[in-house]
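Only one structure is covered here, and it is reproduced in the block below.
Just so you know, all these numbers are worked out from the coordinates, no wet-lab data involved. For clarity, every value in this text was computed on a predicted model and none was experimentally measured. Glycine gets a Cβ as well: all are built from the backbone with ideal geometry, and neighbour counts include every protein chain shown.
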Amino acid sequence: MKKFRTRIAAVAAMSFAATFAVAALPSQAEDVTLKLVMAAYTDDMVDYYDGLAQDFENANPGIKVEVDVVAWPEIGQKVKTLIASGQTPDIVNNDEFAGEAAAGLLYRADQIVSAAVLKDIIPAFLDNSKYKGTAYAVPDLASARAFFWNKQLISGAGVKAAPKTWDDMLAAAKAVKKKYPSVYPYCLPLGPEEAQMIFTTWGGGNGGRLFNEKTNKYTLNNKEFKGALDFLKTLVDQKLTQPNPGKTNRTDGCWALFAKGKVAMVDGGVFLPDWLSKNGGENIDWAAGAFPAAKGKTDITVGVQDYFKGYKAGGKQKEIQKFLTFIFEPTNYQGFLKAAGGFIPATKSAGKLAEEDPIIGPYIKLLPKAIFYPGTVGSWQACKASIVTYMGNAMSNTGKALQQIQAKCDAAHKKVK
Amino acid sequence: MVAATVKKEPARKALPWLSGTIFLIVGFVLWPTLELFLMSFRTIDISGLIEGWAGLENYRMLAANFDLPPVLRRTIIWLVVVVGMTLAISLPLAQLMNAKFRGQKFLRYSIIIPWAASLVITATSFKWILDPYYGMMNLILKDLGIIKEDVDLLGNPSTSFIMLLIVAIFVSLPFTSYVLLAGLQSIPGEVLEAAKVDGAGGWKTYWTIIFPLLRPAFLVAAVINAVYVFNSFPIIWVMTTGGPGYETDTTTTFAYKIAFRDQDIGQSASLAVGNFLVIFIFIMLFLKLSKWREADQT
């Protein structure tokens, strides 16, 4: 965290100094400067981009690269502020693109990477990068989620098999609570970090899907999602979760408790093992599997992908294409995945290598079962925000929360169309 | 008066000396305010680009927003309770600070320190004190036998707003009590002595002499406090971000959430215009009060 702040301060100070330098020396050889705003998957991203920018500048004289690595909770707002104040960056790496594509801000995918790179992208991921049939972003990586449990606590409580259905899970939670009163059987993160994930995952396990492409409508206030929220509420009401779901975040809340052995079951993802090993949870004996589903429904996983995007405002299409093609060169892209920490690659070539990986491999096989956020819908970011906000208080009245979520998402959808 | 003997200079000669101030006022007060008003009548798309004029659409959307009424109700409670309680506690506190006793200096310092700390620091400290897993509060409550299981006072909608009120009162106390202390110190000693000679008791002296003389300081403290409290963003944002849901939002944090979470900058601007008008009324009130005060003194 500290690292980012100093870095941001340094960038700010440098651009300040640069303004004066330019004012003082108006005629200098004109380097093209690419301005990048990139997501901080981990603290390692700063060092990775430092090295990458250096290599790229050496290979491409005349192009300078300025990278701003920004933490996840701030990046969306930062990009928005830059665009609104006329300082649109050239390349951004974050988790949204459809709203910007709808506003006509973005280059097409085939304009920002070489044809060879584009052909190497896994088709399902590229489909999720399309707005009205045209790809406007290039997927950088993806993740899939899974249900994690603490083996010691679960088998210690006498639970034989991994919970497959909601009933299994309820029974397992009760058993854990009985055997270990100080352990929270299941940790439910409905805080602002990623409450939409809980909504999508558990609703999905009851057959619920967020958006209907055919009717072009959000499908949120229905019996599938109601059933899922009511199931979670049962866990909360019977004190089988931590005391404050509405405020608990995924990472510093649930995962931190899981790493301390205070939680038996938790929603995790392909990157949780990496996180555990770096945050004091290396001794936790975990196992992962499919999320428990409602009786008679198929289990699902939720896939999430992020994007590289090139912005038209600066008119630097050629340079953007050079840089993004550079980042997809095998060694650079492996470095990117390594710095990001345990994600699923977005390219076929890197995906082949990752299938051999003991941790990531199983997730790649899970991908066919994955449902994705409707990231290609322009209003999704606004709708997501409403889901997050109302989930914070959903456990007090599930029906009212669903009504409010549906109303806000419909309003946002009407506005974007 | 003195002014009459000075030769009157044309106003334009003063311009170079005033230009800095004028620049600051225009650049940092008038222009942003104007932009805010304009924004509230514009359609701004989800990426922050201006698409055109919206007429009253943003205001209509705001009026139709079903989260607004509870937020308005809460903002009024927030304002009345925090300002009221702060004044009620500050009056005796100022009296105590004014009393001569050993440790008076210590008392004064300890009251000013929370004011010297930034609101974010204070709010963060309280957030950790109230943390359900690692906080002091749960430890103390459990040791005292008041609760059996860990509770999350900030995570529970029925208690989180009360906690915010307490913290807001706590951080408002230093300023208010110091304004009142200054008011107390300006009361001439002779008046109090005269009251003593005439045989007035403690309470009587307070309500018939001290409090009426304290009135101007009291009103100024009330209005300035109201402005601070109404605008108070950091306490709520740091401790609960207005959550869970919208359960602890006031209009200030609600405007922020509409802009950056719901991504509706136009609607947020229309709410901010409302906030601006409320503050504007307070400022007018304050100017009026200062005028009365001047009139009182001359």
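For this structure, a couple of remarks:
- Pairwise centroid distance, computed over Cα atoms, of the stretch B:17-96 with the stretch A:341-385, Å: 42 Å
- Think of the stretch B:57-297 as having a plus end and a minus end, set by charges on the Cβ of Lys, Arg, Asp and Glu; of B:TRP128, B:LEU154, B:VAL167, B:VAL167 sits farthest toward the positive end of this dipole.
- Here's the list of lysines a cross-link from B:LYS204 could span, going by alpha-carbon distance under 17 Å and ignoring same-chain residues fewer than 8 apart: B:LYS196.
- Among the chymotrypsin sites (Phe, Trp or Tyr not before Pro) in the stretch B:118-164, those located in a DSSP loop and surrounded by at most 11 other Cβ atoms within 10 Å of their own Cβ are B:TYR134.
- Within a straight-line Cα-Cα reach of under 25 Å, A:LYS179 can be paired with the following lysines, leaving aside sequence neighbours fewer than 8 residues apart in one chain: A:LYS151, A:LYS160, A:LYS164, A:LYS233, A:LYS239, A:LYS260, A:LYS262, B:LYS142, B:LYS148.
- Considering only A:ALA157, A:ALA84, A:ALA144, the Gaussian network model of chain A with Cα springs below 10 Å gives its largest mean-square fluctuation to A:ALA84.
- Whole-number percent relative contact order across the stretch B:57-297, with pairs defined as alpha carbons under 8 Å at least 6 apart: 29 percent
- In chain A, excluding the sites themselves, the longest stretch lacking any of the GluC sites (Glu not before Pro) that are in a DSSP loop with at most 14 other Cβ atoms within 10 Å is A:31-212.
- Excluding same-chain neighbours fewer than eight residues apart, the aspartates and glutamates reachable from A:LYS35 by a Cα-Cα span under 14 Å are A:ASP50, A:GLU57, A:GLU66, A:ASP68, A:ASP90, A:GLU319.
- Extension gain for the segment B:GLU57 to B:VAL227, taken as residue separation times 0.36 nm less the Cα-Cα distance, is 58.3 nm to one decimal.
- Across chain A, the mean sequence separation of Cα contacts (distance under 8 Å, 6 or more residues apart), normalised by length, yields a relative contact order of 25 percent.
- Segment A:LYS295-A:ASP357, length gained on full extension (0.36 nm per residue, minus Cα span): 19.1 nm
- Largest GNM mean-square fluctuation across A:ILE359, A:ILE121, A:ILE344, computed for chain A with C-alpha springs under 10 Å, falls on A:ILE359.
- About its Cα centre, the stretch B:57-297 has a charge dipole of approximately 640 debye under the convention of +1 per Lys or Arg Cβ and -1 per Asp or Glu Cβ, with nothing else charged.
- Beyond 30 Å in Cα-Cα separation lie the following of the pairs A:LYS119/A:LYS415; A:LYS295/B:LYS127; A:LYS214/A:LYS384: A:LYS119/A:LYS415; A:LYS295/B:LYS127.
- With Cα atoms as the point set, the protein assembly as shown shows a radius of gyration and Dmax of 29.7, 100 Å.
- Using Cβ point charges alone (K and R +1, D and E -1), the dipole size of chain A about the Cα centre works out to roughly 1780 debye.
- Rg over Rh [alpha-carbon atoms, Kirkwood Rh] for chain B: 1.05
- Cα centroid separation - the stretch B:266-284 against the stretch B:117-137, whole Å: 30 Å
- When the convex hull of its Cα atoms is projected in every direction, mean area for the stretch B:215-257 (nm²): 3.2 nm²
- Mean shadow area of chain A over all directions, Cα convex hull, nm²: 20.4 nm²
- Spin-label pair A:LYS179-A:GLN152: with each label point 7 Å from Cα along the Cα-Cβ axis, the two points sit 1.3 nm from one another.
- Just checking the listed ones, B:ILE146, B:ILE279, B:ILE209: in the Gaussian network model of chain B with Cα springs under 10 Å, the one fluctuating most is B:ILE146.
- The dipole here belongs to the protein assembly as shown: it is taken about the Cα centre, uses +1 on the Cβ of Lys and Arg and -1 on the Cβ of Asp and Glu, and is about 1560 debye.
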